[in-house]
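First up is the structure itself, then whatever we jot down about it.
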Amino acid sequence: MNQKYCTVKELPLSERPYEKCEKSGPAALSDAELLAVIIRSGSRNERAADVASRVLTYSGSYPGLIGLNYINMNELKSIKGIGRVKAIQLLCIAELTKRMAKATNEGRLQMITPEAVAHYYMQDMRHLTREIVLLIMLDSKSKILKDMVISSGTVSSSLLSPREIFLNALKYEAVNVILLHNHPSGDPAPSREDIQITKRMKEAGNLIGIKLMDHIIIGDNRYVSLGEQGFI
């Protein structure tokens with residue numbers, strides 16, 4: 001017997017996410033139905049929505065939609081019904097949502113409040129599985145000249161060099177700088193090491209006339225500003 005792939009078009013009208021979206025809007029679709037629109041076709045003898053449900057219940061650390069921010073290509077391809085093309089599509093959707101969130105907050109970044117900065121970088125950093133330190137360099141009008149990763153792995157005062165930070169700041173003619181790093185645990189509470197690093201960078205910046213405006217720690221949709229906490 002020939003086995004066939006069940007496409008979205010072969011579903012009853014009442015079960016087709018395209019028709020449901022057209023009639024009631026995308027908010028009416030379940031998470032699985034939204035993914036089914038992207039996946040488009042199922043595997044043998046099952047609907048695209050079934051494959052989508054399998055993606056959402058993948059036995060990783062973060063099941064559900066949030067898991068798409070953590071899953072990689074090989075893990076996606078290990079899920080029944082997900083091949084190379086579908087895996088790439090899902091990874092691109094996850095990346096697109098991050099960029100959309102960042103673009104939404106782009107105008108607010110000119111305010112240079114801790115909240116605006118944290119929101120702008122939140123989707124890029126909240127799902128990272130290892131710590132990175134981002135250096136944000138600003139001009140006299142508090143607009144971004146350049147941002148760059150200056151450390152990846154463990155944030156340590158022995159590895160984070162004021163020389164590297166302020167050489168880059170001088171290179172891009174920055175007037176002020178902001179440090180940003182993430183806590184993969186999701187808890188943005190500063191450690192003793194975080195506080196020591198902040199004080200060290202503040203002192204180094206004062207010596208050469210480039211102000212450390214803030215050091216912001218990103219958690220899971222939360223942040224802590226060491227500036228607001230009085231350490232700068």
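The values are calculated or read from the model by the stated rules, or taken from the named source; none is laboratory data. Here the structure is a predicted model, which is why all the values come from computation and not from measurement. Quick reminder, even Gly has a Cβ in these numbers, built from the backbone with ideal geometry, and neighbours come from all protein chains shown.
Tell me the residue from MET148, MET137 that is surrounded by 22 or more Cβ atoms within 10 Å (Cβ to Cβ) and of a type outside the set (Lys, Arg), please.
Numbers: MET148 fails: surrounded by 22 or more Cβ atoms within 10 Å (Cβ to Cβ).
Within the list MET148, MET137, the selection yields MET137.
Determine, yes or no, whether VAL55 is within 30 Å of GLY186 (Cα to Cα) and either in contact with a Ser or Thr (Cβ under 9 Å, 6 or more places away or on another chain) or at pLDDT 75 or above (or both). Before you say what the answer is, go through the steps one by one.
Values: within 30 Å of GLY186 (Cα to Cα): yes; either in contact with a Ser or Thr (Cβ under 9 Å, 6 or more places away or on another chain) or at pLDDT 75 or above (or both): yes.
The answer is yes for VAL55.
Only one residue in SER61, SER30, SER24 is at pLDDT below 80, exposed (fewer than 15 other Cβ atoms within 10 Å of the Cβ) and either touching a helix residue (DSSP H, G or I) at 6+ places or on another chain (Cβ under 7 Å) or among the small types (Gly, Ala, Ser) (or both), so which one is that?
Result of the check over SER61, SER30, SER24: SER61.
Could you check region 194-214 and list, in sequence order, the residues that are under 16 Å from SER152 (Cα atoms) and of a type outside the set (A, V, I, L, M, F, W, C)? So that I can check it myself, show each step before the final result.
Quick first cut of region 194-214, residues under 16 Å from SER152 (Cα atoms) only: 194, 197.
Residue satisfying the conditions is ASP194 alone.
Could you tell me which of the residues ARG200, ARG192 is in contact (Cβ under 8 Å) with a residue 40 or more places away in the chain, in the same structural domain as MET125 (by TED's automatic domain parsing) and charged (D, E, K, R)?
Values: ARG192 fails: in contact (Cβ under 8 Å) with a residue 40 or more places away in the chain.
One residue alone meets the criteria, ARG200.
Kindly provide the set of residues from region 117-164 that are modelled with pLDDT of 90 or more and assigned to a loop (DSSP other than H, G, I, E, B), ordered by number.
none
Could you please let me know if ILE232 is more than 19 Å from the chain's Cα centre (by Cα), β-branched (Val, Ile, Thr) and outside any helix (DSSP H, G or I)?
yes
Take the residues in region 189-204 that are more than 10 Å from LEU226 (Cβ to Cβ) and outside any helix (DSSP H, G or I); name whichever of them is nearest to the chain's Cα centre (by Cα).
So, considering only residues that are more than 10 Å from LEU226 (Cβ to Cβ) and outside any helix (DSSP H, G or I), the one nearest to the chain's Cα centre (by Cα) is ALA189.
Got a number for residues in region 66-78 being among the aliphatic types (A, V, I, L, M), surrounded by fewer than 19 Cβ atoms within 10 Å (Cβ to Cβ) and either modelled with pLDDT under 85 or closer than 12 Å to LEU56 by Cα (or both)? Give the derivation first.
Of all residues in region 66-78, those among the aliphatic types (A, V, I, L, M) come to 66, 68, 71, 73, 76.
Adding the requirement that they be surrounded by fewer than 19 Cβ atoms within 10 Å (Cβ to Cβ) leaves 66, 73.
The next check asks that each one be either modelled with pLDDT under 85 or closer than 12 Å to LEU56 by Cα (or both); those that pass are 66.
Count: 1.
Restricting attention to region 213-229, and to residues there that are under 24 Å from the mean Cα position of the chain (by Cα) and free of Cβ contacts under 8 Å to residues at least 40 places away in the same chain, which single residue is surrounded by the most Cβ atoms within 10 Å (Cβ to Cβ)? Talk me through it step by step, then tell me what you get.
Pass one, region 213-229, residues under 24 Å from the mean Cα position of the chain (by Cα): 213-228.
Among the residues that remain, those that are also free of Cβ contacts under 8 Å to residues at least 40 places away in the same chain are: 215, 217, 222, 224, 226.
Values: HIS215: 27, ILE217: 25, ARG222: 15, VAL224: 20, LEU226: 22.
This residue is HIS215.
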